[in-house]
1. Run the quick spin-label model on residue 66 and residue 86: label points 7 Å from Cα toward the beta carbon, then report their separation in nm to one decimal.
2. Residue-wise, which Karplus ³J(HN,Hα) couplings in Hz belong to the stretch 61-74, taking 6.51 cos²θ - 1.76 cosθ + 1.60, θ = phi - 60°, and x for glycine or proline?
3. Residues with beta-carbon under 9 Å from that of residue 58, excluding residue 58: net charge, scoring Lys, Arg +1 and Asp, Glu -1?
4. Run the quick spin-label model on residue 93 and residue 128: label points 7 Å from Cα toward the beta carbon, then report their separation in nm to one decimal.
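Only the coordinates and a few stated rules stand behind these numbers; no lab work does. Small disclaimer: the values here were computed from a predicted structure and weren't measured. Reconstructed Cβ throughout: ideal geometry from the backbone, glycine too, with neighbour counts over all protein chains shown.
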Amino acid sequence: MMVPSSLPLAEQDHEPVIGPRSHDAFRRAREVFPDGTTRVTIERDPVPRYISHGRGAYLFDTDGRKFLDLNANFTTLIHGHAFAPVITALERQLRDGTCFANPTEKETELAELICARVPGMERIRFCNTGTESGHVRHQSGQGVDRPSGHRQDRRLLSWSV
């Protein structure tokens, strides 16, 4: 989310908050998206600021203005935009392939890393969506009967990105 305070003072005084290229892009988008945006989480007041690219902690709009990104894609961009080690890792993986219907050793390595870093986490299930995550959580929460006939006490954590 971009807030007016993220604008440099000179821009607040002399330039419109939303530039002409964002206005043009929004006009085009309203022809193909129900409310002119791809999702409801985009701030529109009344026109969204269109971003052309990001570098580190900064975003650049389609009018060439630089903004401090105080949102970081809802905190998922902990390393910022276009972080060189992330780009290198992505390029390497793109060359090796990105989507398989079979398991990979990298999945196991990531699961081992997460389980080692999160106290009490013994196993993990990767899911594609929040819906799938909720379904798996519900199924896992059914528990397994102990020999005594009581359900196991299981602690479950579910999240999706």
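1. Placing both labels 7 Å along Cα→Cβ, they lie 1.9 nm apart.
2. Coupling constants for the stretch 61-74: 7, 5, 9, x, 8, 9, 9, 6, 8, 7, 9, 6, 6, 6 Hz.
3. Details: positive: 55, 66; negative: 69.
Counting the neighbours of residue 58, the net charge comes to +1.
4. 1.6
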